[in-house]
Amino acid sequence: MNKFNSKPNNKNLEMVFGKNPALEVIESSTVEVNKIYLSEGLSDRNIRQRIISYAKENKIPYHLVPEKKLSTLTNNQNHQGIVLSISPIKYKPVNELITSTLENNSPRIILIAHEIEDTHNLGAMIRTFAASGGNGIILTGRSNVGINATIIKTSAGTLFQTNFSRATNCVNVLNELKESGFWVVGADNSTPSELIYKINYPDQVAIVVGNEHEGLGPLVKKNCDFLVKIPISDKVDSLNVSVAFGIILFEILRQKKYCK
């Protein structure tokens, strides 16, 4: 199909763009692809052929279009000549995500991203979490960004390796996790917090990270089993939330000997 004869007008659809995210999508069995758009001038013949073969095998409409059309679809973001229209990411109920994490042989670690507003921060945390082998992320709060095309791109498509839940009330989620045997670790750089290296982390851990500007609220902190901080220079107030999460996550993995 070489005519650009339509473009998505369903507000419920998401756009995935870029080579790595697109490849993650076609290798995933959980993503529903509706349409594929490829640049007429896409120079990477291998990727072009893989995606067209995938489209034909799965009877998905594909269109070869000018670069300008792809720029329009992606609001002028770096699409690398590939755009996929997919159905929205499906969120699991919290209890199902907890159960699947407990049944998983990989690290039994869950990320709770509370009131995260920056798409690039959430995308970076998803990518870091996927690199650890973890597979359960819960988005909490009213102002959490949720999953969108920028997050998919920032995560380099690793988002499709991960299970997601979404809930408004973070404290309720923390209580449900604790009832299932998880210990809740809150990232908080205040004085009462323990240094991340001084905690003996249990086998089942939920890491809570808070809003980029406000951090974790008092009620959320009160419902954590541990509050931990990262030792940093007095010349710096704090670390980016995605960087802090990565440091805490891999310290836990190091202790539990998941890092080789």
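The values are calculated or read from the model by the stated rules, or taken from the named source; none is laboratory data. It should be emphasised that the depicted structure is a prediction, and the values quoted were computed from it without experimental measurement. Please note: Cβ atoms are built from the backbone with ideal geometry, for glycine as well, and neighbour counts cover all protein chains shown.
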Residue check for residue 100: closer than 22 Å to residue 158 by Cα, in the same structural domain as residue 147 (by TED's automatic domain parsing) and either touching a residue at least 40 places away in the same chain (Cβ under 8 Å) or aliphatic (A, V, I, L, M) (or both) | yes
So residue 70, is it assigned to a helix (DSSP H, G or I), in the same structural domain as residue 20 (by TED's automatic domain parsing) and either hydroxyl-bearing (Ser, Thr, Tyr) or surrounded by 17 or more Cβ atoms within 10 Å (Cβ to Cβ) (or both) | yes
Would you check which residues across the range 218-231 are without any contact (Cβ under 8 Å) to a residue 40 or more places away in the chain and either in contact with a strand residue (DSSP E or B) (Cβ under 9 Å, 6 or more places away or on another chain) or surrounded by 10 or more Cβ atoms within 10 Å (Cβ to Cβ) (or both) and list them?
-> 221, 222, 231
In the range 64-107, the residues that are charged (D, E, K, R) and under 26 Å from residue 35 (Cβ atoms) = 67, 68, 69, 90, 92
When residues of the range 205-234 are limited to those that are of a type in the set (A, V, I, L, M) and more than 25 Å from residue 181 (Cβ to Cβ), the one nearest to the chain's Cα centre (by Cα) = 230
Residue ID - surrounded by the fewest Cβ atoms within 10 Å (Cβ to Cβ), chosen from residues in the range 232-252 that are closer than 25 Å to residue 173 by Cα and out of contact with any strand residue (DSSP E or B) (no Cβ under 8 Å at 6 or more places or on another chain) | 240
Does the range 92-117 hold any residues that are modelled with pLDDT of 90 or more, crowded, with 18+ Cβ neighbours inside 10 Å and assigned to a loop (DSSP other than H, G, I, E, B), and which are they?
-> 108, 115, 116
List the pairs whose first member sits in the range 186-205 and is in the same structural domain as residue 237 (by TED's automatic domain parsing) and among the hydroxyl-bearing types (Ser, Thr, Tyr), whose second member is part of a loop (DSSP other than H, G, I, E, B) and surrounded by fewer than 20 Cβ atoms within 10 Å (Cβ to Cβ), and whose Cβ atoms are under 8 Å apart, counting only residues at least 6 apart or on separate chains?
-> 201/256
Has the range 77-90 got any residue that is assigned to a loop (DSSP other than H, G, I, E, B), under 23 Å from residue 184 (Cβ atoms) and basic (Lys, Arg)?
-> no
